[in-house]
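The next block holds one structure in the form of structure tokens; read it before the comments.
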Amino acid sequence: MALALVTGGAGFIGSHTCEAFVGRDDEVVCLDSFHDYYPRELKERNLEQLRLSDRFHLVEGDVCNATTVEEVFSRYHPSVVVHLAARAGVRPSLQEPEEYLRVNTEGTLNMLRAAVQHPPRRFVFASSSSVYGCRNSLPYSEDQDITHPVSPYAASKVGAEALCFTYHHLYQLPVTCLRFFTVFGPRQRPDLAINTFVRLMLAAQPIQMFGDGSSSRDYTFVGDVARAILAAADTELDFETINIGNSHPLTLRELVAAVGQAVGKEPRIEQLPAQPGDMLHTYADISKAKRLLGWEPQVSMEEGLAEFVRWHRETALSPAVS
Ligand code: NAD
């Protein structure tokens, strides 16, 4: 049995991860600041089932506060740390670059320093496909160059990954950096494309499509991602960086059509210029995840979209981020 500290555990990926740990009888401490990037109400709802379990503990606090982080480590002595807390979202990072560096890079530094003082058997860090930037060939593999990120968000994750290696090198902290590729599924952040498209299509409103629709993303189902996190938490490795993607990218145009089909509506599209900071394509080579973690995705895009739409209809509570 493990005691897992999951930062950002009230969020989209975090709440699924906490449920996966609790579901197999591990104890979970969730450290989350309930950042107002999207409404607290949604995060409270994410935690509804977890709060029923006596194996789930919630600490409301900020990973940027070194005292808070130190207190959590010295109180709970986690055997596994899953560090997901971050300012997510590429486009807003162009408006608030300092904030992204502070939370994503310095916040990770705080977590690593506390982990050195109270060593867990594994530290799992949530990185992103964004680190591949604009100069790599597809599909992206872990040995490619990540020195050309195209947004402050991506740069903050490159910096955090670098610190993960540094703290492994200096203090032998066993760290696994997982690079997630566009995650979707129930509880998806309201700012992300699939959530926005479903909401607008159900309201019979046009959707905004940035660029000509030929950009592509490797959409990965959140249940598969939570399984990958648990596999990484369980697998003894020194220091590794591993792609977690579906390895079946869809163009934006294909995504819009697939969402229309899942919702049962004909999409109305308003085409707008491509957004600065967005990557053109993402596509994961997942052979390393298969080899080292014995992990591969199990949920297809169609199944995942159907699951998302079912959840969305049940909750009908996914307001846009203003
Ligand atoms: P999310 O916003 O739903 O979850 C992040 C959580 O972190 C939120 O609950 C938020 O309140 C919390 N948080 C923010 N700042 C904090 C702070 N200073 N201290 C403590 N908690 C704080 O986002 P998500 O989509 O679930 O993303 C989780 C992680 O996965 C992030 O690190 C993100 O960068 C990474 N990631 C996500 C995707 C994706 O497609 N969703 C893709 C690649 C990487």
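Details
- Total charge dipole magnitude, the range 77-171, about the Cα centre, Cβ charges on Lys, Arg, Asp, Glu only, Debye to nearest 20: 240 debye
- Spin-label model, Glu44 to Leu237: label points 7 Å out along the Cα-to-beta-carbon direction sit 3.8 nm apart.
- Sites Cys134 and Glu302, calculated FRET efficiency, Cβ-Cβ separation with R0 22 Å, nearest 0.05: 0.10
- Debye-formula intensities of the range 45-169, expressed as log10 I(q)/I(0) at q = 0.17, 0.19 Å⁻¹, are -0.94, -1.09 (one equal scatterer per alpha-carbon, no solvent).
- Net charge over other residues, Cβ less than 14 angstrom from the Cβ of Val63 (K, R count +1; D, E count -1): -4
- Ordering of 286-296, 49-59, 186-196 by packing [mean C-beta count within 10 Å, highest first]: 186-196, 286-296, 49-59
- Against the rule of thumb 2.2 N^0.38 Å, how large the Cα Rg of the chain comes out: 0.94
- Sequence-separation-based contact order of the range 2-80, relative, with Cα cut under 8 Å and 6+ spacing, percent: 38 percent
- Cβ-based net charge around Arg121, under 12 Å, with every Lys or Arg adding one and every Asp or Glu removing one: -1
- Antiparallel DSSP beta bridges within the range 172-268, as percent of all bridges there, nearest 5: 20 percent
- Axis angle, to the nearest 10 degrees, between helix 301-315 and the longest C-alpha principal axis of the chain: 90 degrees.
- Once the chain from Thr67 to Phe210 is taken as fully extended at 0.36 nm per residue, the excess over their C-alpha distance is 47.3 nm.
- Segment Arg121-Glu99, length gained on full extension (0.36 nm per residue, minus Cα span): 4.9 nm
- Solvent-accessible area, 1.4 Å probe, carbon plus sulfur percent, for the range 178-236: 52 percent
- Accessible area in square angstrom per residue, the chain, 1.4 angstrom probe: 43 Å²
- Note on Lys288: lysines with a C-alpha under 30 Å away, same-chain residues under 8 apart excluded, are Lys157.
- Considering only GluC sites (Glu not before Pro) in DSSP loops that have at most 11 other Cβ atoms within 10 Å, the longest stretch of the chain without any of them is 49-235.
- Fraction of accessible area attributable to carbon and sulfur, the range 3-154 (%, probe 1.4 Å): 47 percent
- Two-site label geometry, Asp285 and Arg75: point separation in nm, points 7 Å out along Cα→Cβ: 4.4 nm
- Nearest 10 degrees, 0 to 90: helix 222-234 Cα axis against the chain principal axis: 20 degrees
- Taking the centroid of alpha carbons for each part, the range 20-66 and the range 231-250 are 23 Å apart.
- Using C-alpha pairs below 8 Å separated by at least 6 residues, the relative contact order for the chain is 18 percent.
- Potential extension, Gln144-His169 segment - 0.36 nm per residue separation minus Cα distance: 7.0 nm
- With contributions of -39500 (n - 2.57) from each DSSP H run of at least four residues, the per-residue ellipticity at 222 nm computed over the chain stands at -11000 deg cm²/dmol.
- Interchain or long-range residues, amide H under 5 Å from Tyr140's placed H: Tyr283, Ala284, Asp285
The values are calculated or read from the model by the stated rules, or taken from the named source; none is laboratory data. Model, not experiment: these values are computed from the prediction. Neighbour counts run over all protein chains shown; Cβ positions are idealised from the backbone, glycine included. What goes into the accessible areas is simple: the full protein's heavy atoms, side chains included, and nothing from ligands, DNA or RNA. Shrake-Rupley method; radii C 1.70, N 1.55, O 1.52, S 1.80 Å.
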